[in-house]
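These notes concern the structure reproduced below.
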Amino acid sequence: MQTCTRNGCGQSYEPAANNDMACQYHPGKPVFHEGLKGWTCCKPREHSFDDFLEIKGCQLGPHSSEPKHKDDPFKADLTKYDDVLPEPAAEPAAPP
């Protein structure tokens, strides 16, 4: 079994049983503004974080196991900058 990574879903599913109506999810991003929480893709807004997590998805589609943040620039892989980062200083030798 796999776990769906779509926003608002998180259900476990069998890939063989996955279909175009299996997942109810939010295609948008979460919005937190002036004490209200919701999604960019639909109108419901909640004050409580628990209620926000319970907002039903506004779109149907197949479950997905793709990582949520694979193209998110804020979740960038910083290892590509290793060549520009200074090397850590060597530890001083212990006295004899």
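Side notes on the structure shown:
- Which numbered condition Trp39 misses (of (1) without any contact (Cβ under 8 Å) to a residue 24 or more places away in the chain; (2) of a type in the set (A, V, I, L, M, F, W, C); (3) open to solvent by less than 40 Å² (accessible area, probe 1.4 Å)): (1)
- Some residue of the range 63-83 being under 17 Å from the mean Cα position of the chain (by Cα), modelled with pLDDT of 70 or more and surrounded by 13 or more Cβ atoms within 10 Å (Cβ to Cβ): yes
The values are calculated or read from the model by the stated rules, or taken from the named source; none is laboratory data. Every value quoted in this text rests on a predicted model; they were computed, and no experiment measured them. Note: ideal-geometry Cβ built from the backbone for every residue, glycine included; neighbour counts use all protein chains shown. Calculation scope for accessible area: heavy atoms of the full protein, side chains included, ligands and nucleic acids excluded. Shrake-Rupley method; radii C 1.70, N 1.55, O 1.52, S 1.80 Å.
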